[in-house]
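A short worksheet on the structure shown next.
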Amino acid sequence: MDCYTVFWREMLVFKRTFWKFLSARLVSPVLYLVAFGWGLGRSIRTDGGSYLDFVVPGIIALSAMTVSFNATGIPLNMSRLYHKTLEEYLIAPVGSFSFVLGKVLAGTVRGLVGALVILVLGLLFGARPEVGVWFFAVVFLTCFLFAALGVVAAMTVPSHEDMANFSTFVILPMAFLCGTFFRADVLPEVVADIICVLPLTHTSYALRSLAGGTGLPLISVFVLLAYAAAFLGIAVWIVRRAR
Amino acid sequence: MIEIRGLTKDYGRIRAVDNLHLKIERGEIFGLLGPNGAGKTTTIRMLTMLTRPTAGEAYIAGYEVRRDLARVRGEIGVVPQHINLDQELTARENLELHGRLYKMPPAERRRRIEELLAFVELDGRADELVSTFSGGMKRRLMIARALMHRPRVLFLDEPTAGLDPQTRRRMWDLVRQMNRDGVTVLLTTHYIEEAEALCHRVGIMHQGRLIALGTPAELKERVGRYVVESLNGGQTAYTLFATREEALVFAGSLRDGVVIRETSLEDVFVQLTGRRVGD
């Protein structure tokens with residue numbers, strides 16, 4: 001119930017700013033699709049299909065990550081350090097778990113919308129992924145875990161600038177390296193091993209496998225579940241410690 | 001209603017609040033008066049659980065603040081020094097969010113919102129975004145929000161800082177009115193007039209310590225009810241007397257530029273600390 005109150009507030013603002021949010025989320029995917037799908041990708045064949053079919057699941061993965069991370073991380077960090085609106089929640093008789101869950105679910109909703117935007121654009125550009133329930137389940141899980149990571153970052157970094165730094169050092173490398181634009185196993189072995197541990201690698205892998213009709217890689221789902229549980233747990237612990 | 005026992009807060013090697021003991025009765029308007037950095041805000045933050053005390057304990061409505069956290073939350077309303085309203089929501093939505101966070105039933109929530117919007121005279125702007133409000137309107141909305149769940153104790157941290165004199169007077173009226181409705185008020189201020197005009201009792205804080213406690217009249221009585229201001233080599237000297245007669249005799253012995261007036265809390269502060277509140 002408390003969790004719903006936190007979520008309700010986020011959705012109130014989300015509804016109000018929906019069109020702005022949507023149009024802003026359109027810009028970078030269109031650029032990615034033009035650059036990598038049409039421009040660079042025209043002459044590349046990967047895994048026996050067109051590069052566009054290869055890259056669309058990757059871009060969906062990276063969008064799900066960045067949108068949900070930023071959707072919780074940036075406003076929460078602002079509300080903790082600048083607007084101080086976080087105090088209202090910290091003083092209120094609301095459990096830390098409910099607070100975190102509400103914020104994370106709200107970030108997940110935004111991430112899902114972000115991912116959906118890419119899917120629709122990808123279809124318009126001519127990609128033909130197979131999209132089913134599991135595809136959305138993996139996207140949901142990805143959004144959830146990165147929204148939780150957003151809470152962790154927002155509650156720990158000491159300034160707005162460090163929030164941007166966190167994004168640059170953690171989110172940006174994953175966006176490029178985790179099997180989004182190319183297969184990670186073509187990289188040197190050490191690098192590939194590191195990348196294999198990162199959550200987004202499993203998102204791209206699972207989404208691509210599902211989109212290509214080769215089924216659901218269960219291990220990837222378990223890895224994502226483990227990350228989601230861990231980040232949620234850490235986020236709750238940090239918020240509890242803050243009050 | 002509030003009982004503070006040995007509350008202490010260290011920030012590294014700096015002691016912000018030093019062994020504070022204080023009892024505030026039900027129905028009181030109590031003011032913590034002191035210059036910036038005296039430890040007033042830290043005290044309020046400890047009482048509202050936003051800062052962990054280094055030592056000591058505090059009871060609100062019989063519950064210890066740290067041990068009975070969950071119970072205390074429902075008993076207190078907090079108006080912080082800075083504006084911490086949700087600027088992306090309207091006035092009504094801010095109150096609605098607060099009501100939901102405090103688990104008020106929908107019907108009561110709606111009734112209370114209308115009541116409070118009228119109380120702080122924001123009913124005409126209820127559905128506008130808070131980001132469009134003036135400073136005074138935001139302050140009033142913060143008061144309404146803090147009262148939303150009918151707390152028995154209200155904390156006001158510098159409620160009128162940065163407000164024009166007219167708006168300040170309206171805030172005072174609001175505080176008096178809610179106090180008449182049974183709310184115990186603990187406020188901090190560095191405005192002497194505010195403490196004099198509003199508070200039943202005043203505690204003067206200086207460098208983290210409570211250095212005087214009493215009604216404004218008692219405190220003035222203690223240092224002398226009349227003050228003679230005289231120019232002494234370019235500096236103003238303040239001499240205090242218990243009676244008007246003594247003050248007159250002293251003033252008569254001086255040459256020119258002499259003012260006799262009644263003591264203010266400012267004089268009390270100067271007498272106790274050797275400084276002015278604004279320093």
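Numbers at a glance
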item	result
Among the candidates B:L154, B:L85, residue that is more than 15 Å from A:E87 (Cα to Cα), within 23 Å of the chain's Cα centre (by Cα) and outside any helix (DSSP H, G or I)	B:L154
Within region A:15-27, considering residues that are more than 10 Å from chain B (Cβ to nearest Cβ) and not basic (K, R), the one farthest from the chain's Cα centre (by Cα)	A:W19
Residue pairs meeting the criteria (Cβ under 6 Å; at least 6 apart or on separate chains; first within 12 Å of chain A (Cβ to nearest Cβ) and touching a residue at least 12 places away in the same chain (Cβ under 8 Å), in region B:96-111; second among the hydrophobic types (A, V, I, L, M, F, W, C) and part of a loop (DSSP other than H, G, I, E, B))	B:H98/B:M148; B:G99/B:M148
Candidate set: region A:51-75, residues that are within 17 Å of the chain's Cα centre (by Cα) and surrounded by fewer than 24 Cβ atoms within 10 Å (Cβ to Cβ); chosen: the one nearest to B:Q81 (Cα to Cα)	A:P75
Residue tally, condition in a loop (DSSP other than H, G, I, E, B), over 16 Å from A:L224 (Cβ atoms) and among the β-branched types (V, I, T), over region A:156-201	1
Condition check for A:V6: within 14 Å of chain B (Cβ to nearest Cβ) and among the β-branched types (V, I, T)	yes
Odd one out for A:L121, checked against (1) part of a helix (DSSP H, G or I); (2) farther than 16 Å from A:A211 by Cα; (3) not basic (K, R)	(2)
Single residue of region B:198-238 satisfying the filter (of a type in the set (D, E, K, R) and more than 26 Å from B:I44 (Cβ to Cβ)) that is surrounded by the fewest Cβ atoms within 10 Å (Cβ to Cβ)	B:E221
B:M46, sole failed condition from (1) within 12 Å of chain A (Cβ to nearest Cβ); (2) under 17 Å from A:L86 (Cα atoms); (3) crowded, with 18+ Cβ neighbours inside 10 Å	(1)
From the options A:R183, A:R243, A:R208, residue that is within 14 Å of chain B (Cβ to nearest Cβ) and not hydroxyl-bearing (S, T, Y)	A:R243
Members of region B:70-95 found to be without any contact (Cβ under 8 Å) to a residue 24 or more places away in the chain and either more than 9 Å from chain A (Cβ to nearest Cβ) or touching a strand residue (DSSP E or B) at 6+ places or on another chain (Cβ under 6 Å) (or both), listed by number	B:R71, B:V72
Lone unmet requirement of (1) among the charged types (D, E, K, R); (2) in contact with a helix residue (DSSP H, G or I) (Cβ under 6 Å, 6 or more places away or on another chain); (3) within 14 Å of chain A (Cβ to nearest Cβ) for B:E128	(2)
Residue list for region B:57-80, restricted to those being under 20 Å from A:R241 (Cβ atoms) and outside any strand (DSSP E or B)	B:V65, B:R66, B:R67, B:D68, B:L69, B:A70, B:V72, B:R73
Candidates A:L225, A:L210, A:L145 - the one that is surrounded by 23 or more Cβ atoms within 10 Å (Cβ to Cβ), touching a residue at least 60 places away in the same chain (Cβ under 8 Å) and under 16 Å from the mean Cα position of the chain (by Cα)	A:L145
Elements of type helices (runs of 4 or more DSSP H) contained in region B:186-279, each with 2 or more residues being without any contact (Cβ under 8 Å) to a residue 24 or more places away in the chain and of a type outside the set (A, V, I, L, M)	B:216-223, B:244-253
Matching entry among B:F241, B:F250 (being surrounded by fewer than 19 Cβ atoms within 10 Å (Cβ to Cβ) and of a type in the set (F, W, Y))	B:F250
Failed criterion for B:P80 (all others in (1) within 23 Å of A:P93 (Cβ to Cβ); (2) surrounded by fewer than 22 Cβ atoms within 10 Å (Cβ to Cβ) hold)	(2)
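A quick yes/no check of all residues on (1) of a type in the set (V, I, T); (2) under 29 Å from B:M178 (Cβ atoms):
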| position | (1), (2) |
| --- | --- |
| B:A217 | no, yes |
| B:V223 | yes, no |
| B:A242 | no, no |
| B:F250 | no, no |
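Quick note: the coordinates plus some simple rules give every number you see, no bench work behind them. Keep in mind that what you see is a predicted model, and the values were worked out from it rather than measured. Here the Cβ is made from the backbone with ideal geometry for all residues, glycine too, and neighbour counts use every protein chain on show.
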